[in-house]
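The values are calculated or read from the model by the stated rules, or taken from the named source; none is laboratory data. Remember, it's a predicted structure, so these values are computed and weren't measured experimentally. Here the Cβ is made from the backbone with ideal geometry for all residues, glycine too, and neighbour counts use every protein chain on show. Remember, those area values only see protein heavy atoms, side chains included, never the ligands or the DNA or RNA. Shrake-Rupley method; radii C 1.70, N 1.55, O 1.52, S 1.80 Å.
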Amino acid sequence: MGDFLFGLKAYKKPEYKINKPIRLIELFGGVGSQSMAMRNIGANYESYRLVEFDEKAKNSFNAIHGTNFPALDIRNVHAEDLGIVEKDKYEYIMFYSFPCQALSLAGKRKGMKRDSGTTSSLLWEVQRLIDECEENKCLPQILIMENVAQVHNDHNIDDFNIWINYLKEKGYSNFYKDLNAKDYNLGQNRVRCFMVSILGEWDFKFPNKIPLTKTIDDYLEKGPIDEKYYLSNEVTDKMVKNLKTRGYL
């Protein structure tokens, strides 16, 4: 029995450790919340590549992070554009939080099937990029996805499993979990699915919960607020009517 338990221990996968400077590649990067997180935890990183189609979001990203990235359509981006070189010196983390409009309960829920034409089906452009990276021997060491929890509901689970199996075939160990912001001391009830994929045979554990000490009041501006920031009665009435029509109220 002792030999059997020793064998189990010997086959336990090690936890992955980052010990090199991080180069962030942000697909669908928006204003760069991933870079903000790296900054907030004091990581040794650089905002290395941004793929963001929206001109205003790109401008905000550059203003916030002191960069000068152009707006890019992921459909026109290729592996060589990502600049993944000298992997022995750098840790490449590629975020790919693809659009959620076709998955979210607040949208039309048309899904993310390949060639469906939905914004959420841009996930499969990420597949194309990873295929190209494999051909060029420049797969990122870590992939991270964040999306609405509906990414793996009954309607989307088949496509989600296709995606996970694809990443396994490319050599990634994959871990996903729904996390709520309020469980990590953020004053918001916001559930999102996170998936971490690590190239090779590795173990990974999501962080432990942090007791909630904040409320929404901690984030609100103090003092009188200009009336221009308030919604009119006409707009709020329209929103309530729409929610009732859709069965949310």
> By the gyration tensor of its Cα atoms, with a ≥ b ≥ c the square roots of the eigenvalues, what is the shape of segment 24-65: rounded for a/c under 1.5, prolate for a/b over b/c, or oblate?
Replying inline: prolate
> If you place +1 on the Cβ of every Lys and Arg and -1 on the Cβ of every Asp and Glu, how big does the dipole about the Cα centre of the chain come out, in debye to the nearest 20?
Replying inline: 640 debye
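Using a ≥ b ≥ c from the Cα gyration tensor of segment 100-218 (square roots of the eigenvalues), is it rounded, prolate or oblate, where a/c under 1.5 gives rounded and otherwise the larger of a/b and b/c decides, a/b for prolate? Mind dumping the intermediate values first?
Numbers: a/c = 2.42, a/b = 1.34, b/c = 1.81.
Here segment 100-218 falls in the oblate category.
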> GluC sites (Glu not before Pro) within segment 208-241: which are DSSP loop residues with at most 15 other Cβ atoms inside 10 Å?
Replying inline: Glu221
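Quick one: with all protein chains in place, what share of the accessible area of the chain is carbon or sulfur, to the nearest percent (1.4 Å probe)?
54 percent
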>> Give me the one-decimal nm value for the distance between modelled label points at Lys137 and Lys214, 7 Å along each residue's Cα-to-Cβ direction.
In response: 4.5 nm
>> If each DSSP helix of 4+ residues adds -39,500 (n - 2.57) and the sum is divided by the residues in the chain, what number results at 222 nm, nearest 500 deg cm²/dmol?
In response: -8500 deg cm²/dmol
> Using alpha carbon centroids, what distance separates segment 102-132 and segment 66-81, in Å?
Replying inline: 19 Å
>> Quick check on segment 9-127: take the gyration tensor over C-alpha atoms, sort the square-rooted eigenvalues as a ≥ b ≥ c, and tell me if it's rounded (a/c under 1.5), prolate or oblate.
In response: oblate
> Want the number for Ala37 to Arg114: 0.36 nm per residue separation, take away the alpha-carbon distance, what's left?
Replying inline: 24.7 nm
> What net charge is computed for the residues neighbouring His78, neighbours being all others with C-beta under 11 Å from the C-beta of His78, Lys and Arg scored +1, Asp and Glu -1?
Replying inline: -4
> Relative contact order (percent) for the chain, with alpha-carbon contacts under 8 angstrom and 6 or more residues of separation?
Replying inline: 15 percent
